[in-house]
Amino acid sequence: MNDEFDITKLGMGALRDRPDDRDFKYEEIAAAAAPVDWSQEFRLPEPTDEHQGSSDSCVAQATSYLHWQHKGKPYSRRDNFSRIFLTYGAYLRDGVAQICKTGQQTRDECPDPSPQTPQNMRVKSDKPDSTGMDDLETNYFSLTSINPDLLAQAVRDHKGLIFGVWGNWGTWGD
């Protein structure tokens, strides 16, 4: 593997979450659910596809897609990212935790910039934090296994999941 590659940076901005004992572990509840029948096709509705450009906002992009699966509204990636960004990128956990804490503004309430650059995506909404509270999520689970059955079960039973991968043509990892 290339020694110059930083494994803590996934894709264009996702940072590897540190394990946190306070997280609800999906593996603990998944055993009670029906197993995935791989012979039956299952698809979630597909949101419109977008490109984050050079904004390093992939966590907010993925979180907004998942939130769309739950509520069916076009959400502001900028609203989420401007609350969770670090010097570079953000942690996956922070994207969903933020939606559980303050909700998320829609694109009508907080339009995404064009172009989506790191500087533009960090500009907070001019509306109060409480504007997104009508689109609050209840909670989230952490999934530490890369078992394909558990991943598929989470998608089926909870309308999706967010995970990151890193790699190049020769190697990849979760």
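Would you say Leu161 is closer than 23 Å to Leu15 by Cβ, of a type in the set (A, V, I, L, M) and part of a helix (DSSP H, G or I)?
In short, no.
Being at pLDDT below 85, surrounded by 12 or more Cβ atoms within 10 Å (Cβ to Cβ) and either touching a strand residue (DSSP E or B) at 6+ places or on another chain (Cβ under 8 Å) or β-branched (Val, Ile, Thr) (or both): is that true of Leu15 here? Taking the combined requirement at face value, the residue satisfies it. State all residues of region 55-87 that are open to solvent by 70 Å² or more (accessible area, probe 1.4 Å) and part of a loop (DSSP other than H, G, I, E, B); if no residue qualifies, say none. Result: Lys73, Pro74, Phe85, Thr87. Once region 110-146 is narrowed to residues that are touching a Ser or Thr at 6+ places or on another chain (Cβ under 8 Å), closer than 19 Å to Thr87 by Cα and in a helix (DSSP H, G or I), the residue that is most open to solvent (accessible area, probe 1.4 Å) is Asn120.
Only one entry in Ala62, Ala90 is touching a residue at least 60 places away in the same chain (Cβ under 8 Å) and in contact with a Cys (Cβ under 9 Å, 6 or more places away or on another chain), namely Ala90. One residue stands out in region 88-109 among those that are closer than 25 Å to Asp17 by Cβ and of a type in the set (Lys, Arg): the one that is surrounded by the most Cβ atoms within 10 Å (Cβ to Cβ), namely Arg93.
Identify all residues within region 108-135 that are touching a helix residue (DSSP H, G or I) at 6+ places or on another chain (Cβ under 7 Å) and closer than 18 Å to Pro74 by Cα; write none if there are none.
Filtering region 108-135 for residues touching a helix residue (DSSP H, G or I) at 6+ places or on another chain (Cβ under 7 Å) gives 109-110, 112-113, 121-125, 129, 132-133, 135.
Passing the criteria: Glu109, Cys110, Asp112, Pro113, Met121, Lys124, Ser125, Asp129, Gly132, Met133, Asp135.
Residue-level check: of (1) without any contact (Cβ under 8 Å) to a residue 60 or more places away in the chain; (2) touching a helix residue (DSSP H, G or I) at 6+ places or on another chain (Cβ under 7 Å); (3) open to solvent by less than 70 Å² (accessible area, probe 1.4 Å), Leu151 misses just (2). Quick check on Arg107: is it of a type outside the set (Val, Ile, Thr) and either within 19 Å of Ser142 (Cα to Cα) or touching a residue at least 40 places away in the same chain (Cβ under 8 Å) (or both)? Here the answer is no, as Arg107 does not meet what is asked. Close Cβ contacts (under 8 Å, 6 or more residues apart or on different chains) running from residues in region 12-26 that are more than 21 Å from Tyr88 (Cβ to Cβ) to residues that are surrounded by fewer than 16 Cβ atoms within 10 Å (Cβ to Cβ) and at pLDDT 85 or above comprise Phe24/Asn139.
From the list Leu92, Leu86, Leu44, pick out the single residue that is among the aliphatic types (A, V, I, L, M), touching an Asp or Glu at 6+ places or on another chain (Cβ under 8 Å) and at pLDDT below 95. Walk me through how you get there before you give the answer.
Details: Leu86 fails: touching an Asp or Glu at 6+ places or on another chain (Cβ under 8 Å); Leu44 fails: touching an Asp or Glu at 6+ places or on another chain (Cβ under 8 Å).
One residue alone meets the criteria, Leu92.
The values are calculated or read from the model by the stated rules, or taken from the named source; none is laboratory data. Note that the structure is predicted; figures quoted are calculated from it, not measured. Backbone-built Cβ (ideal geometry, glycine too); neighbour counts: all protein chains shown. Heads up: the accessible areas ignore ligands, DNA and RNA and are worked out on the full protein's heavy atoms, side chains in. Shrake-Rupley method; radii C 1.70, N 1.55, O 1.52, S 1.80 Å.
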